[in-house]
1. Spot the failing condition for ARG13; the list is (1) closer than 24 Å to THR94 by Cβ; (2) free of Cβ contacts under 8 Å to residues at least 24 places away in the same chain, and only one is missed.
2. Condition first: of a type outside the set (S, T, N, Q), within 25 Å of HIS98 (Cβ to Cβ) and surrounded by 15 or more Cβ atoms within 10 Å (Cβ to Cβ). Now tell me which residues in segment 11-49 satisfy that.
3. Which number in (1) surrounded by 15 or more Cβ atoms within 10 Å (Cβ to Cβ); (2) within 16 Å of VAL227 (Cβ to Cβ) marks the one condition that TYR307 misses?
4. Please give the helices (runs of 4 or more DSSP H) falling wholly within segment 98-212 in which 1 or more residues are buried (at least 21 other Cβ atoms within 10 Å of the Cβ) and either modelled with pLDDT under 95 or assigned by TED's automatic domain parsing to the domain that holds ILE245 (or both).
5. Looking at (1) over 18 Å from HIS138 (Cβ atoms); (2) in contact (Cβ under 8 Å) with a residue 24 or more places away in the chain, which is the one condition that is false for THR186?
6. If I filter segment 73-93 for residues that are surrounded by 13 or more Cβ atoms within 10 Å (Cβ to Cβ) and either part of a strand (DSSP E or B) or assigned by TED's automatic domain parsing to the domain that holds LEU165 (or both), do I get at least one hit?
7. Taking the conditions exactly as written (under 18 Å from SER223 (Cα atoms) and either of a type in the set (Val, Ile, Thr) or in contact with a Leu (Cβ under 7 Å, 6 or more places away or on another chain) (or both)), does LEU306 satisfy them or not?
8. Could you please give the count of residues in segment 289-302 that are surrounded by fewer than 19 Cβ atoms within 10 Å (Cβ to Cβ) and either within 26 Å of GLN244 (Cβ to Cβ) or among the β-branched types (Val, Ile, Thr) (or both)?
Amino acid sequence: MKNSITDIESILRKSTVYKKKKGKTTYLHVRIASSSEKESLEKLREILVNYNLHPIIMKSGTRYYLLITRKNEVKKIIEEHIGVQNLPPQHRETYEKHYKNPSQWGLKYDLTTALKNPEKAKTVYYLLGAIAGHSYLHSKHRIAIKVTEKQLQQKIVQKAKSLGLHPAPHPQNIEKLVQRIIIGSTHLIRLHQEIVLNPDKLETIPEYLFWAYFEGLYESRGSLRLVENQFEVRMRLRKPQNIQILKHICIRLQKMGIKAKCCSYKEGYAYELRIKDSRSIVMLFAKIDPIIKNPKTGTLSTRIILYAQKRGINPQVISQQWRKRWKEYLEKFAVKR
């Protein structure tokens, strides 16, 4: 039996890896042997079956080929017999992207490559922040982000498309201007769940990713007020798992010198992060540039606009007050971006 195993391992080492494209997806197959007669491959196929492999015989032209096509078996043969280092560059790229990490198998939209690119990684973390702010699982492979701002909807859609995803906006409550942006991406859902299970990760990720995450969360769930001529940022979350996210964000902000405070809201109904300190406000908005609720541009949220209109206040007046006060903040607390 030992000699038989040695012989099989020798055959596997000498086998050939080739690429097979089906639609838009590229696979790796292992060609064990070929013959002009199918029967001559049957014995070897049976031996490989006893070796816990599942080879198939396929005909192409006038020849028959004995192939290994199952993903886990292809991975094993490459790693244990052929050697990853011996793969041609294009084959190795396919292996790294689609075979190396089994946890990513079955993902239609794999974001692994995007996460290796700093700019695209920022986009991924921005979406993760928006998801943490206001979303729900639409199905096993799709997540829905709720937004009430047309500008924010367009921003999220554009960012998702830049990653090769296919976001689909759907009206949910026309009266309340609520829109759902449904994104199909198992990988994006898994990345969100990883942060939910390990929220302390937000204290250690690179700073540029943290701020991208914070911007997404702020735009989807934060608020900005000018109370007694002082800006105040608030973010309030209700889901128990998201509360832990908010706590670790608060810790990270404090480590950066931003005076953030986290506390229970309405006897545990929710958890709230607050930033009132003037210097901290300047430090915060030196790092993010939200499309709404932004003191630098005076861009108001729909909620503030409707609130002002109900009370007979021109929203433009509030916007001007924001911009004016922001300039005063900058003059007092100059912070380099």
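The values are calculated or read from the model by the stated rules, or taken from the named source; none is laboratory data. Keep in mind the model is a prediction, meaning the values are calculated, not measured. Don't worry about glycine lacking a Cβ; one is built from the backbone with ideal geometry, like all the others, and counts go over all protein chains shown.
1. Of the numbered conditions (1) closer than 24 Å to THR94 by Cβ; (2) free of Cβ contacts under 8 Å to residues at least 24 places away in the same chain, the odd one out for ARG13 is (2).
2. ILE11, LEU12, VAL17, TYR27, LEU28, HIS29, VAL30, ILE32, ALA33, LEU48
3. Unmet for TYR307, out of (1) surrounded by 15 or more Cβ atoms within 10 Å (Cβ to Cβ); (2) within 16 Å of VAL227 (Cβ to Cβ): (1).
4. The helices (runs of 4 or more DSSP H) meeting that bar are 118-133, 150-162, 186-197.
5. (1)
6. no
7. no
8. Pass one, segment 289-302, residues surrounded by fewer than 19 Cβ atoms within 10 Å (Cβ to Cβ): 289, 291, 296-299, 302.
This time we only want the ones that are either within 26 Å of GLN244 (Cβ to Cβ) or among the β-branched types (Val, Ile, Thr) (or both), so: 291, 297, 299, 302.
Within segment 289-302, residues that are surrounded by fewer than 19 Cβ atoms within 10 Å (Cβ to Cβ) and either within 26 Å of GLN244 (Cβ to Cβ) or among the β-branched types (Val, Ile, Thr) (or both) number 4.
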